[in-house]
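Readers should treat all values here as calculations from the given coordinates under stated rules, not as data from a laboratory. In this text, all values refer to a predicted model and were calculated from it rather than measured experimentally. With ideal geometry, Cβ positions are generated from the backbone for all residues, glycine too; neighbour counts draw on all protein chains shown.
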Amino acid sequence: MNPPSRSADRPLSAALPFRAHDATTDRPPSPSQGSVTDSFEHPRNYSSTALVHDSYLEGEMPHANGVQYGEKELPRLQANGQDNGDNLEPIFEDDPASFNLISPPPAESESFSLESQTQALFSKAHLQVIFANPDYLFKFTSFLGAHRPQSVPILVHYLDSLKSLRAINYANAICDGLDPVEGYEFTQRPVKPTINTALEQRAKAAFDILATEELSAFITHQYIQIVSNTITARITGSLAPGLREASDGLAEVFCLTDPSRKDNPIVFASEEFNRTTQYGMSYVLGRNCRFLQGPQTDPNSIRRIRQALKDGKQHQEVFLNYRRDGSPFVNLLMMAPLSDSRGVTRYHIGAQVDVSGLVKDGAEMESLHKLLEMRARGEDPPLPEKPNPDKNDELRELSEMLNQGELSTIKRHGGKMHRDVVEEDLESVSSHQPRLLLKDPDLLTPPIGGTTNGRLGGIYQNYLLVRPYPSLRILFASPSQRLPGILQSPFLNKIGGSHRVREELTTAFAEGRGVTAKVRWVSKGDEQGKNKWIHCTPLVGQAGQIGVWMVVIVDDEKSNGAWAGGGRPPPQIATPERNWTPAPMNGHRHAGSSQHGSVDMNGTHSERNGGGSFGSASGSVTSLRII
């Protein structure tokens, strides 16, 4: 440890792990603002509450992923097939001494493990890396302040405990630098370092809670933002060509469970749910979703999901699941209760997205890359409660945690005992009165994990569940769509514009084909309607019958509400062929042949990947786009 003489000559660090409002301390005072002697003095509050409050109220909330996408290509969500780093390409080199047909398998240390990567993502070590970097920590604390205010008290408690421990470390550094004085025996006796075991245990317990509960919520929030951007681009037809095939079925993985039945079993699921999990419909129906759990599924994730189901609240979680063949995948689950007109929970809807690619690539997660680099070098991240050997300065570590009130006190009174030796320039340490930032709490983003029933995350915040053809009545709606009178109303009454669009939608619903359409969405008081995209996915039950339709509603960002029938349509998305025969008008699904096509505003069918006309006996369109 350093004696104080080494650090006392250094300027007090103001590199706070949180960004405070008062950004004017580096500028000279204006005539209207006095020096430190008559400026505003912060109250004597040594808590970190103000820092946390400032970190998420200052300016705009930082983008959850650290980037604004715009022209930047979206990251891939899924990992490729057997994406474990093994190279199975054949060897064509004619080597008489070799009997290898393919490259030798990689060493065990070189093989990628999705399970190990996921464990690192949600580990305490990852949170330690976040706390060691002011930029990472600012994003983390900003997220908690804006989306999980109920967790701010435990964060503040940990930060104040950590500040206390760093104050003790600084005191120990001072004691370690005490030199014995000749002729005074008591100065010869060593001073034992101060250790506060109870405080260390308290800080450790608070950190464990942050790592177990809040880190998971933070990562889930980040992934929801990425997934929402990708699915929006997928639905609206603006996804980059390189990601189109990989995103096929991305917005169509749903299951619906019935909590009134024993063990809350799945009663309806989409085709993509079966394809993602590899479990057939006959196995899925009537079972609880726990069959997707495996050896490395985090029990804390299961606990949170069960508690949300019990409390009837929406929830989102990122955790490891396993397919039927035993291969792991990282599942982003967004679930919400479905309530009837009396507010009684009737079902639960779950939307799943395979985000294994995000975890494998460490997409928009610089802190994870930092952790993996440290582990590759055989290093461990620094413990926040212990002196950081890289900084090697206990005073600096303590000063980094001081709030504006404490810094103001230091600027006003620091060094007064030595003023006869060092003349202080009060003007050079003057601080201005901090700016106040007022925000309407009603305009803040709704907290994650709140009490809003039926609210899914990200792209799925606007959805309807519609009875199958011929009823097509709206049975359930997300809170954003649940306006008076919408439940049990005809879905097609929401579709304005051309009658041909409604006819094509009706045909798709009757034949049980998933459909994506650009429509004029009509609401009360707006008979003209606004341009929207609707993404409709059938959820199938026993005997292959469609039990309900999941309709996701996406704003058309390219228009301002006025319908424009002309102009160039958005690009079509070619999807891999799937084998289906024409579904009869009662909504059954059967195996057979397939074709893909699109329908423009005039109802003209454009053939692709197969012959036949729209709705002909030669095939049916599994996924139809109406634009």
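For the reader, a short list of remarks on this structure follows.
- 3J(HN,Hα) along the range 373-380, derived from phi through the Karplus expression 6.51 cos²θ - 1.76 cosθ + 1.60 where θ = phi - 60°, amounts to 5, 5, 5, 5, 8, x, 9, 10 Hz, with x in place of Gly and Pro.
- When each of LYS139/LYS386; LYS204/LYS262; LYS139/LYS360 is checked by Cα-Cα distance, pairs over 31 Å: LYS204/LYS262
- Mean Cα-pair separation over length for the range 241-361, i.e. relative contact order, pairs under 8 Å, 6 or more apart, %: 24
- The amide H of GLN481, built 1.01 Å from its N in the peptide plane, has TYR463 as neighbours under 5 Å, considering only residues 5 or more places off or on other chains.
- Stretch gain in nm, segment MET417-ASN133, where the contour uses 0.36 nm per residue and the Cα spacing is subtracted: 98.8 nm
- Near VAL548, the amide H atoms lying under 5 Å from its own belong to LEU539; only residues 5 or more places off or on other chains count, and H is placed 1.01 Å from N.
- Ranked packing of 313-321, 111-119, most packed first, by mean Cβ within 10 Å: 313-321, 111-119
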